[in-house]
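Here the structure is laid out as structure tokens; the discussion comes afterwards.
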Amino acid sequence: MSSPKLIVHHLQIGQGERIPWLLEELNIPYELKLYKRSPLLSPPELQAVYPMGASPVLEDLTDPSNPVKIAESGAITDYIIHKYGNGRLALKPQDKNFADYLYWLHFANGSLQSGLFRRGMARGMVGEDDPRYKGQVARCDKMLSHIENRLQNNKWLAGEEFTAAETMTGWCFTTMRKFEPMDLTDYPGILAWLGRIGEREAYRRAMGKADPDLDIEQGISAKGPPMMEAFVKAMAMKPGSL
Ligand SMILES: N[C@@H](CCC(=O)N[C@@H](CS)C(=O)NCC(=O)O)C(=O)O
């Protein structure tokens, strides 16, 4: 097979970082196109690539007769692993931890990220004294304890092996804290796992290319990185100010 011709479109300070990280782990070459937030959402150039204007987007130009464009980080992850990764970083159906792998791979976007985002939205919209916010806090606390329990008893989310469950979940505890802060002091299992991620050369290489201005040590620390200013401003907007 000819060498893959992959283009990754990444809106900086965002979940698109999952894809360069995955590709670095798999040692698959790619071209990276970076976009800056403008000031918070995607700029027109990214909207032109994908009508949802969201990142990541992968273009696969390996076969000129069948150019592919695919979005959704979970779908891109599966596409890369199965098309070019020979199944590496996924567990196989015969593996004893296959169900764990699938569960944690999907938990990232299906529950964790959406739950954290809802908590942030509720705080901005109804305030911290509102029972609707408190309900979201309780739900997130439950999820964090669930992940903590998993990582106190396992080196990686799917068990002994590092998998794409990590490349999908990592950002929720690193860069995503620029949007939804989270103090991880009381979660030593999650912190130790973040420490192991921070030791991976492929992670450092990917972050160095995708978001060289982000401080990796802050991202994996207990307190997390400072919030993104444009997001703080947007959250402080009053109804009717748009
Ligand atoms: N479910 C999608 C979400 C993509 C998404 O919302 N990406 C954000 C970056 S964190 C984005 O592009 N936001 C800018 C915008 O929607 O304008 C995925 O997993 O790829």
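The values are calculated or read from the model by the stated rules, or taken from the named source; none is laboratory data. Just so it is clear, the model here is predicted, and its values are computed rather than measured. Heads up, the Cβs are rebuilt from the backbone with ideal geometry, glycines too, and the neighbour counts pull from every protein chain shown. Quick note on the areas: whole protein, heavy atoms, side chains included, nothing else; ligands and nucleic acids left out. Shrake-Rupley method; radii C 1.70, N 1.55, O 1.52, S 1.80 Å.
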For this session: Round to the nearest 0.05 the FRET efficiency obtained for His146 and Ser38 when R0 = 51 Å and r is the Cβ-Cβ distance.
Result: 0.90
For this session: Considering Cα pairs under 8 angstrom that are at least six residues apart, work out the relative contact order of the stretch 167-242 and quote it in whole percent.
Result: 44
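What accessible area per residue, rounded to a whole number of Å², is obtained for the chain using a probe radius of 1.4 Å? Before the final figure, lay out the partial values.
Details: 12050 Å² over 242 residues.
Averaged over the residues of the chain, the accessible area is 50 Å².
Among 71-78, 164-171, what's the highest-first ranking by average C-beta atoms within 10 angstrom per residue? Don't skip to the answer; put the middle values down first.
Values: 71-78: 18.5, 164-171: 25.8.
Top of the packing list down: 164-171, 71-78.
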For this session: Distance from a point 7 Å along Cα→Cβ of Arg196 to each backbone N in the stretch 77-100: keep the residues under 20 Å and list them by number.
Result: 88-92, 95-100
Problem set entry | the stretch 76-171: relative contact order as a whole-number percent, Cα under 8 Å and 6+ apart | 36
Problem set entry | Whole-Hz ³J(HN,Hα) from phi, Karplus 6.51 cos²θ - 1.76 cosθ + 1.60, for the stretch 53-65, glycine and proline x | x, 9, 10, x, 10, 10, 10, 10, 10, 4, 9, x, 7
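What value, in deg cm²/dmol to 500, does the helix sum -39500 (n - 2.57) over DSSP H runs of n ≥ 4 give at 222 nm once divided by the residues of the chain? Please list the in-between numbers first.
Working: 11 runs with 114 residues, N = 242.
The per-residue figure over the chain is -14000 deg cm²/dmol.
Determine the sum of side-chain charges near Gln12: Lys and Arg each +1, Asp and Glu each -1, restricted to other residues whose C-beta is under 15 angstrom from that of Gln12. Display every interim value, and only then the final one.
Working: positive: Arg18, Lys33, Lys36, Arg37, Lys178, Lys209; negative: Glu17, Glu45, Asp211, Asp213, Asp215, Glu229.
Overall, the nearby charge balance is 0.
Take the residue pairs Lys178/Lys233; Lys33/Lys69; Lys142/Lys233; Lys5/Lys83; Lys36/Lys209 and return only those whose Cα atoms are more than 18 Å apart. It would help to have the intermediate numbers written out before the result.
On the way: Lys178/Lys233 13 Å; Lys33/Lys69 14 Å; Lys142/Lys233 29 Å; Lys5/Lys83 12 Å; Lys36/Lys209 14 Å.
Cα-Cα > 18 Å for Lys142/Lys233; rest within.
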Exercise. In the chain, carbon and sulfur make up what percent of the accessible area (probe 1.4 Å)?
Worked result: 56
Problem set entry | Computed over the chain, Cα set: Rg, Dmax in Å | 18.1, 59
Problem set entry | Lys223 versus Met121: modelled label distance in nm, points set 7 Å from Cα along the beta carbon direction | 3.0
Seminar exercise, completed: Taking r as the C-beta separation of Arg205 and Val137 and R0 as 30 Å, the FRET efficiency to the nearest 0.05 is 0.25
Problem set entry | Space enclosed by the convex hull of the alpha-carbon atoms of the stretch 117-180, per residue, Å³ | 78
For this session: Please report the relative contact order for the chain, taking Cα pairs under 8 Å with a sequence separation of at least 6, and give it as a percent rounded to a whole number.
Result: 22
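Which order do the peptides 193-199, 157-163, 8-14 come out in when sorted by mean C-beta neighbours inside 10 angstrom, highest first? Can you show the working numbers first?
Numbers: 193-199: 17.6, 157-163: 19.6, 8-14: 22.7.
Order by mean packing, descending: 8-14, 157-163, 193-199.
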Problem set entry | Fully extended contour minus Cα-Cα distance, from Val232 to Lys92, at 0.36 nm per residue | 46.2 nm
